[in-house]
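Here's the structure, in C-alpha cells; my notes come after.
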Amino acid sequence: MDASITTEQPARAAPAHRLDSVSLAIAGSGGSGVMTAGTWLLDAAARSGLYGLMVRTSGPQIRGGEAAALLRLGTAQLESLDDAFDVLLAIDWQNVHRFADEIPLRADGLLVCDADAGEVPEVFRATGAKVIALPLKKMAKAHPGSWINMLALGITGTLAGLAIEPLEDAVRAGWKRDGEVLQANLRALRAGAEAVAAHALVQRPPAPPSQRRWLLSGNEAAGFGALRGGVRFVAAYPITPATELLEWMAPALAQAGGCLLQAEDELASINMIIGASFGGVPSLTATAGPGLALMTEGIGLAVAAEVPIVVVDVMRGGPSTGIPAKSEQSDLSFAVGGLHGDAPRLVLAPTSISDCAATTQWAVELAEALQAPAIVLSDQFMGQSRAIVAAPELPPPAARRLLAEPHAPDYKRYRDTPSGVSPMAIPGAPGTTYTADGLEHTEAAIPSSQARDHARQLDKRLRKLTGHDYGARWADIEGDGPLAVITFGSASGPVHEAARRAAAQGVPLKRVTLRLLAPLEPELLAQALAGVERVMVVEQNHGAQLLRYLRGIADLPHPHSFHKPGPLPLRPAEICAALVEWAARQEQTA
Amino acid sequence: MNDMCQPPALAAAAEPFAARDYKSDYKPIWCPGCGDYTVLNSVTRALSIVQRPPHEVAVVSGIGCSSRIPAYTACYGFHGVHGRALAAATGLKVARPDLTVLVASGDGDGYSIGGNHFLHACRRNVDLTYIVMDNHVYGMTKGQPSPTTEPDWDSKLSPGGTGVRSFHPLVIALASGANFVARCFSGDQNTTAEIIAAGIRHPGFSFIEILSPCVTFRPEQRGWKDLVHPASVAPTDDPARAAKRIMTDDGFNIGILYAGHRAPYGGGPVPATRTPEEIGEEFAL
Ligand SMILES: Cc1ncc(C[n+]2csc(CCOP(=O)(O)OP(=O)(O)O)c2C)c(N)n1
Ligand code: SF4
C-alpha cells in the first residue's frame, strides 16, 4: 500500500493482497443515476491527482433496471479491477443482488445503504462488511431539487479520501449550468461527505503526479488512434459495445476533414469502407461479434482485392447475440481463422485501455502499408471502461500507402514484387486505370482461374504479411525466469498484476503480452520463450482459444491454460493463485 | 481528404473523348448475343457524352455476368462481392465526391442478395448512377429464377415456377426515394446511352433498369426487341404519378419515367478545422 493512501484505523490495516488502490462500487436501480455518480467520482479523482478506472455494468434492460459503476482509484496507473471491493454503496436493493458475483465485498469493507430501503440482501450481509445505514432518501429530501446520487458521490468520494473541493468541481463541470438546482445538489454532496467523514478509508489525497494524464475510455482511445493513424472515412452499424467508438468519431472526423456514415447493416459497412479505401481514403469500421460475423465476406474481399481497411471488434459475450454489455475474449478464433479461403489478415490486440490508441494507430499504419485488412480485438471491458491514464506517448503518424506513379509504364495493379506489396493506383490518377477484383486475378488484375495465377497471388498476399518487419511491438516481453505467462488484450491488466504479486511471493515469471496476433511468426515466439521451461496461457473465453491458436503455430513448452469465459472480470487474485499453484505443482514433480 | 493519402489532382479534359476511349482491351466472357454487350457500348457512349476523362470515372459492380462490366471499361473498376456493389460505390463516392461513380448489377445481384442496399441507396440519394441489367434470370449460376422472374417460369431449381410474384424494381425505387428512374432496352443503344448520360448528369441517385436478354437461359427474350416501345409521355417529377404509370404499363415502356429534385446526400468530407493532436487534447486533465 502506498504511503499516501493509508487506512484510518489501524484495525483496518491493509491486507497483504491490497495494492495502492481503493475499490468502490455504486449500485442502484432505474434512474438512480449511479453511472453519473461514478463518472463524476472518477472526474474528482482525476482532479485530485489520482489514477483510476471505472467499469460499467448493468442488467439486460435498455434503460432503468439495475446498474453499477465499479471504480478503482489509486496513485499509479491501474489496468485491472481489484479482487474485491472496499466499499459498496447501494442506493436501493432492487435487483442489486444480481451483481453479487461482480461486486465481491471485502470482509473489512463498508456497505453503505439507505436505512429505509429494507433488509440488506443476505449475499452482501454474508460478506461480513460493516453496514453503514443512512437515511439517504430523507437526506436528499432535505435539499429539495437534489438527486440522491449526489449524496452517493459525497459519500464514496469521502470514503476514498477525496477532498470536498474536487468533488464539488466535478459536479459543477458535469452540471454545466448554475442555479438553485446545482446549489441544492452541492448541499446534498456535502451532506453525504459529512455523514461518513469518520469512516474514511483513505486519508488526504496524494499530491498530483507530475505525469501528464488523460481521462478516456478504450473506445475513445481506439477512435483517437485511428484518427491519428489517418482514418478519414468510417461506415458502421450500431452495436453494443462498439457504438461509443463511433459516437466519438463522428464529430472528431468532421473536425479532422473526414466523415462517418451510418450504414444499413454490417454488410454495407464493410463494403462501404472497402469502396472508400479503394478511393484512397484510409477507412475503418467498428463492430462486435455479430457484426464481425456478417463482415467476413467483405474482409475476404479486402484480402483478395488488397484494399487496406481496419475493423475494430469490441468483443462481448458470445456466440450469437450472447451477452451484449459484458466482456469476453471469444472472437479470437474467428478473427484469426474465420474467413473462407486462404486469407492472410492482420489481427492486433491492444494491451490496455490506453494502448487502444497506439495499437489502433498501428493497425491503420500496417493496413495501409501492407494493403490488407487489419482486425483490432478490443472488448467490452477495455472499450467501455473509462480510465485516468498517463497521457500515451504515441509514435508520430506513419501511415503510408505505396501509390503508383501516374502513367506508370506497363502498370500492373497486382504485380508480384519482392515484398509482395504492389503500388496501388487511386481513381483519379491518369494512366493507371485497372479493376480491383475479389475474383482471383492475374498481376494485371484480370480475373483468372488458372492454377499458376492463383498460387502466385496466394504467395504474394501471404508474403507481404509474413515478410514484413513488425519490430519489437508485436509483443511486450517483461520479466524473466523458467516460467512464462502469455496473454493478450484486456486479460493483460489482471495478468500483469497477478504476475507482480506472484513475483512478490517468490514466483518470478516472464510475461509475454501479445499485440500482433496475426501474422504471428513461430520464430518470434520461440525467441521470446528461449530458456522458458513451462508456459501458462491466460485468456477470457471458454475454449482456450489463444492456447489452441498458439499451439498450431509454435511448440509451447509444457503448455498450461488458465481460461474462463465472461462476463465476470478476470481477477488478479485468481490468476495469481493459479500461477503460484502451477509453479509449485511442477516443482514437486521435478 | 487526408494528407497521408492525397488523391491525384484531377486533370481538366483537354481532348474530347470518344466511346472507344472508355473501352478496355479485354475480351468479354459473355455468351455470343448476350444483351450485356450492347449495354457496355451504351455505357462507353454515355461517358463520351458527358466527357469525363476515363480515369476520373469508377465503375463498381458485384457478381454475375452483368457485373463483369468494370474490367471491360478503361475506367477505374471495382468488382466486389455478390450484392454489395451499391455499398462499395456509396463508400467510394462519399469519400471521393470528385469522382463520377457508376454501379452495375444484375437483377439477382441488385434485387435479391443486394435488396436491402437498393432500398437504402434510393433513400440515401448519394450521387450514383445505378445500372441494372435485368434478364429475369441468374445467368452466371446457370438459370435460376431471380426476383424479377415470372412466377410460372420453369427451371431446375423451381420446377413449374416459383409461384412467387415478381418484384417491381422501378416502383420500389420510387417508393424508396430514388431521384431519377428510367427503363431501357439493351438493344436500343442510342436511347440507352442518352439515358445513362442523363442519369450521370442528374444529381443524386439515378436508377436505370435495362432489359438485357440472357440468350442462353431465356432465349425467348430475343423477342423483347419487338415488344419495347418509347414511353408516350414526358418524364414526371411527381413520384405518385410515375408509380401509377409504371404499375399500369406493359413493362416494355422505355424512357426516363421520373426525374425528381431531391438534394443529393449531404454527408461527405468537410474541410478540416482541427488536427488530431488538437482533438486529443480534449482528453487531457
Ligand atoms: C454470397 C454469394 N452467394 C451466391 C453467389 C453465386 N452467384 C454468383 S452470380 C449469382 C447470380 C447472378 O445473377 P444476376 O445478378 O441476375 O446476374 P446475371 O448473371 O444474370 O447477369 C449468384 C447467385 C455468390 N457469388 N456469392
Ligand atoms: S448466361 Fe446469359 S447473362 Fe450470362 S453471358 Fe450468357 S447470355 Fe449473358
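The values are calculated or read from the model by the stated rules, or taken from the named source; none is laboratory data. Keep in mind that this is a model prediction, so the values were computed, not measured. Using ideal geometry, Cβ is built from the backbone for each residue, glycine included, and neighbour counts are taken over all protein chains shown. Calculation scope for accessible area: heavy atoms of the full protein, side chains included, ligands and nucleic acids excluded. Shrake-Rupley method; radii C 1.70, N 1.55, O 1.52, S 1.80 Å.
Results, tabulated for the structure shown:
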read-out: Centroid-to-centroid separation of segment B:238-274 and segment B:29-81 [C-alpha atoms, Å]; value: 22
read-out: Cα-centre dipole for segment A:454-553 with unit charges at Cβ (Lys and Arg positive, Asp and Glu negative), debye to 20; value: 380
read-out: Under-5 Å amide H pairs with A:SER21, H placed in peptide plane, nonlocal only; value: A:ASP2
read-out: Degrees separating the helix B:115-124 axis from the principal Cα axis of chain B, which is the longest one; value: 50
read-out: Exercise: per-residue mean of other protein chain Cβ atoms within 10 Å, B:57-68; value: 2
read-out: Average beta-carbon neighbours from other chains, 10 Å sphere, peptide A:211-217; value: 3
read-out: Förster radius 25 Å - calculated FRET efficiency between A:ARG473 and A:GLU574 (Cβ-Cβ, nearest 0.05); value: 0.30
read-out: Segment B:90-163: trypsin sites (Lys or Arg not before Pro) falling in loop per DSSP and having at most 16 other Cβ within 10 Å; value: B:LYS142, B:LYS156
read-out: Beta bridges per DSSP with both ends in the protein assembly as shown, % antiparallel, nearest 5; value: 30
read-out: Relative contact order %, segment B:170-253, counting alpha carbon pairs below 8 Å whose residues are six or more apart; value: 31
read-out: Peptides A:302-310, B:95-103, A:512-520 ordered by average Cβ neighbours within 10 Å, highest first; value: A:302-310, B:95-103, A:512-520
read-out: Antiparallel bridges, percent of DSSP beta bridges restricted to chain B (to nearest 5); value: 15
read-out: Accessible-area value, B:TYR111, 1.4 Å probe, nucleic acids and ligands omitted, Å²; value: 10
read-out: Top positive-direction residue, dipole computed over the protein assembly as shown with Cβ charges, set B:GLY260, A:ALA152, A:ALA374; value: B:GLY260
read-out: Chain A - percent relative contact order, Cα under 8 Å, separation 6 or more; value: 12
read-out: Loop sites in segment A:130-194: trypsin sites (Lys or Arg not before Pro), DSSP, at most 11 other Cβ within 10 Å; value: A:LYS176, A:ARG177
read-out: Rounded to whole Hz, the Karplus (6.51, -1.76, 1.60) HN-Hα couplings of segment B:270-281, x for glycine and proline; value: 10, x, 5, 10, 9, 7, x, 4, 5, 5, x, 4
read-out: Net charge, B:VAL132 excluded, C-beta distance under 9 Å - Lys, Arg +1, Asp, Glu -1; value: -4
read-out: Nonlocal amide H pairs with A:VAL312, under 5 Å, H built at 1.01 Å; value: A:THR285, A:ALA286, A:THR287, A:VAL376
read-out: Subset of A:LYS138/A:LYS176; A:LYS138/A:LYS326; A:LYS412/B:LYS225 violating a 30 Å alpha-carbon distance limit; value: A:LYS138/A:LYS326; A:LYS412/B:LYS225
read-out: Coarse-grained scattering of segment A:421-502 at q = 0.14, 0.18, 0.19, 0.23 Å⁻¹, given as base-10 log I(q)/I(0) from a Debye sum over alpha-carbon atoms; value: -0.70, -0.86, -0.91, -1.15
read-out: For segment A:394-456, alpha-carbon Rg and Dmax in angstrom; value: 13.6, 45
read-out: Cβ charges +1 (Lys, Arg) and -1 (Asp, Glu), total dipole of segment A:115-265, debye; value: 500
read-out: Karplus-derived HN-Hα couplings along segment B:40-53 (A = 6.51, B = -1.76, C = 1.60, θ = phi - 60°), whole Hz, x at Gly and Pro; value: 4, 4, 5, 5, 5, 5, 4, 5, 6, 5, 7, 6, 7, x
read-out: Helix runs (DSSP H) in chain A reaching 15 Å along axis by Cα, Kyte-Doolittle at least -0.5; value: A:34-47, A:148-159, A:164-175, A:180-195, A:218-229, A:243-256, A:266-278, A:289-305, A:355-370, A:492-504, A:572-589
read-out: With DNA, RNA and ligands ignored, accessible area of B:ASP250 (1.4 Å probe; Å², nearest 10); value: 90
read-out: Net charge dipole size for the protein assembly as shown [Lys, Arg +1 and Asp, Glu -1 on Cβ; Debye, nearest 20]; value: 480
read-out: Averaged over B:95-104, number of beta-carbon atoms from partner chains that fall within 10 Å; value: 4
read-out: Among A:ALA25, A:GLY428, A:CYS576 - extreme Cα towards positive end, dipole of chain A, charges at beta-carbon; value: A:ALA25
read-out: Cut-off under 5 Å, modelled amide H: who pairs with A:LEU517 long-range; value: A:VAL347, A:LEU348, A:ALA349
read-out: Coordinate range along principal axes, alpha carbons of segment A:453-590, Å, largest first; value: 57, 35, 25
read-out: Beta bridge orientation in segment B:102-248: antiparallel %, DSSP, nearest 5; value: 5
read-out: Overall Cα dimensions of segment A:167-246, principal axis frame, Å, largest first; value: 52, 34, 23
read-out: Ranked order, B:TYR37, B:TYR76 - accessible area, probe 1.4 Å, largest first; value: B:TYR37, B:TYR76
read-out: Extended-chain gain in nm, criterion 0.36 nm per residue less alpha-carbon gap, B:LEU285 and B:ARG222; value: 15.4 nm
read-out: Karplus-derived HN-Hα couplings along segment B:219-225 (A = 6.51, B = -1.76, C = 1.60, θ = phi - 60°), whole Hz, x at Gly and Pro; value: x, 4, 6, 4, x, 4, 4
read-out: √(5λ) per eigenvalue of the Cα gyration tensor, chain A, largest first, Å; value: 46, 28, 19
read-out: Dipole axis of chain A (+1 Lys, Arg; -1 Asp, Glu on Cβ), positive-most option in A:VAL538, A:PRO350, A:TYR411; value: A:PRO350
